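The values are calculated or read from the model by the stated rules, or taken from the named source; none is laboratory data. Computed from a prediction, not measured in an experiment: that's the story for all the values here. Cβ: placed from backbone, ideal geometry, glycine included. Neighbour counts: every protein chain shown.
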Amino acid sequence: MGRCPDHGEYPLPARPQLQLQPRPLRSGPPERQRWILQPGQLRQRLLPLQQHGTGVSGNRGLLHERPLNGGRMSQRVNVAVIGLDSVPPSLLFDRFRGEMPVLDRLLRNGFYGPLRSTIPPITVPAWTSMMTSWNPGRLGFTGFRNRTWGSYEEGWIATNRNVRAPRVWEILGRAGKRSAILSVPQTYPPRPFPGLLVSGFLTPPGAAVFTHPAQLREEIEAIAGPFQFDVENYRTDERDRLIREIEGMTHQHLEVARYLVTRKAWDFFMVVLMGPDRLHHAFWQFHDPGHRKFDPTSPYRETMRRYYRMLDRELGRFLAALPPETHLLVVSDHGSKAMKGCFHINDWLIERGYLRLKHPPSGIQRLREVEIDWPATRAWAWGGYYARIFLNVRGREPMGAVEPEAFEEVRETLRHEILAIPDDAGNPMATRVYRPEEIYPGSVREVPDLLVFFDDLDWRVTESIGHGGLYSFDTELGPDGAVHDWQGVLAISGPKVARRGEVAEMSIYDVAPTILSLFDLPVPPNMEGKPIPLA
């Protein structure tokens, strides 16, 4: 069995190279199971390096105001990307900006605005779409877990092996540039390129090699201890333990980032912090008065605010280690917002006669645990942040019930019926239902027949059946207060960047072309985006 952080356990793929599981915290002696790097530990280790002129101290140009056409530029171009998974404009640009002086200075030194994410707005595929400028349909995966076509039950995890398009650091490598990549999703297993890489979450337990080159692992673990790819479980009631792990992971990743940018040669650097995403899922309901589960007396009401203050301090320490003329991008793959509840899509498909069972469910059961009457089934769905609906097409599926010539009629009827579904109070929902050919130019075959976002993502989708109704207010995986949203963030500053303040919405597909433009490199014709104007 495999386990996906957003879907739980499921059968592992038929493709042997994809039989991976997300990596929990490393097992071992108790004192090493939840290793947390405390602030300043790496600073103490780097003190001798500062005394030998590595440039760790004194490089604070990004933290101070500069003239609009600031200073003389050196010939060398450095670009650094700080990825903040799941951070929405409402938090970074508004609610917490006044308490984040480092971030505020960065915003005033360049321009910033909302960033339109992928469809769907999920960590995988969003970060890979951002770094390749390819849409999920062209990439061939629309989530962590993807269907093995020709099978009703098998699925596979989208890893680095499934990424066909070159990422921006690989393109830079062909141009003679070196990159250092830290904790970017979907980079396991590492593949060779001109630079350094530490893979991100979903690295499997016990992986012997998760860095490139392989010996980099020993180096970073000597500096920072066992690398923490993710928190142990973020859908939990053990919230005190969870916040310690989230903060510890954030500290560690930025300390390792400081080490890499001060000790290694690089032209392009990128780090992605998963802490904000885990924080939002676990604590959103405690900070948002509009959440149906908001409790003004909760001891966790200020947890998110405190985390963002801590994050700002840690970012300040990291930025102080960068060369003073570094171009900086602060970016998120998607946003977050309050979760209204969960819609039970397969229970609805059963009610409407699209999905047929051989026997009624005995309580709540996973779809793969029941006997489905496939020859009588026209459609079934996978859940998560959105619904992926598959039609049971004759000749495509093993026991197809929908004739190919009836495919469009059945799909269109189903689409209209889904759009008419009300919320739990009987009110209309702003549901979006997409056909893949409408949203994925050049899409491959292996994509869902319909992609459904209930009430514009406000409602999560459960895959299990037998709930005795269509709505609930807890996920099947544990406590969760947040869902994803369409807009992430992008802020850009540096010598080539004009102070423009807040700008209109930008596209996630424009990030990679913009990075290439900072190096004065051409944009490959197969990229879907274009460089964002910097002046």
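Restricting V163, V209, V198 to those that are modelled with pLDDT of 95 or more and surrounded by 23 or more Cβ atoms within 10 Å (Cβ to Cβ) reduces the list to V198. Selection of first residues in the range 253-267 that are surrounded by 22 or more Cβ atoms within 10 Å (Cβ to Cβ) and of second residues that are of a type outside the set (A, V, I, L, M, F, W, C) and part of a helix (DSSP H, G or I), restricted to Cβ pairs under 6 Å at least 6 apart or on distinct chains, gives the following pairs, ordered by first then second residue: L254/E314.
The single condition among (1) assigned to a loop (DSSP other than H, G, I, E, B); (2) closer than 27 Å to M527 by Cα that V433 does not meet is (1).
For the range 93-102, check the following and say yes or no: at least one residue is farther than 26 Å from M310 by Cα and touching a residue at least 12 places away in the same chain (Cβ under 8 Å). Spell out the reasoning first.
Keep residues of the range 93-102 that are farther than 26 Å from M310 by Cα, which gives none.
No, the range 93-102 contains no residue that is farther than 26 Å from M310 by Cα and touching a residue at least 12 places away in the same chain (Cβ under 8 Å).
Against the conditions (1) closer than 30 Å to I246 by Cβ; (2) at pLDDT 95 or above; (3) not assigned by TED's automatic domain parsing to the domain that holds E255; (4) not β-branched (V, I, T), G316 satisfies every one except (3).
State yes or no: is V452 touching a helix residue (DSSP H, G or I) at 6+ places or on another chain (Cβ under 9 Å), at pLDDT below 95, buried (at least 19 other Cβ atoms within 10 Å of the Cβ) and not basic (K, R)? Here the answer is no, as V452 does not meet what is asked.
Restricting attention to the range 211-228, the residues that are touching a residue at least 24 places away in the same chain (Cβ under 8 Å) and in contact with a strand residue (DSSP E or B) (Cβ under 8 Å, 6 or more places away or on another chain) total 2. Here is a list of conditions, (1) touching a Phe, Trp or Tyr at 6+ places or on another chain (Cβ under 9 Å); (2) of a type in the set (K, R); (3) part of a helix (DSSP H, G or I), and R306 meets all of them except one; can you say which number that is? Here R306 meets the rest and fails (1). Just to check your reading of the model, which residue among P448, P513, P525, P441 is in a loop (DSSP other than H, G, I, E, B) and either more than 25 Å from the chain's Cα centre (by Cα) or more than 30 Å from G383 (Cβ to Cβ) (or both)? That would be P525, the only listed residue that is in a loop (DSSP other than H, G, I, E, B) and either more than 25 Å from the chain's Cα centre (by Cα) or more than 30 Å from G383 (Cβ to Cβ) (or both).
Selection of the range 516-535 for residues being touching a strand residue (DSSP E or B) at 6+ places or on another chain (Cβ under 9 Å) and among the small types (G, A, S) yields only G529. Filtering the range 464-480 to residues that are at pLDDT below 95 and either touching a His at 6+ places or on another chain (Cβ under 7 Å) or over 21 Å from R366 (Cα atoms) (or both) leaves only D480.
All of I350, I418, I389 fail the test of being assigned to a strand (DSSP E or B) and under 20 Å from V452 (Cα atoms), apart from I389. Annotation note: Cβ proximity below 7 Å between a residue of the range 325-337 that is part of a loop (DSSP other than H, G, I, E, B) and a residue that is at pLDDT below 95 and not charged (D, E, K, R) (sequence gap 6+ or interchain) occurs for E325/G61; E325/M73; E325/S74; T326/L62. Restricting attention to the range 227-238, report how many residues are out of contact with any helix residue (DSSP H, G or I) (no Cβ under 6 Å at 6 or more places or on another chain) and either at pLDDT 95 or above or surrounded by 17 or more Cβ atoms within 10 Å (Cβ to Cβ) (or both). Residues meeting the conditions: 5.
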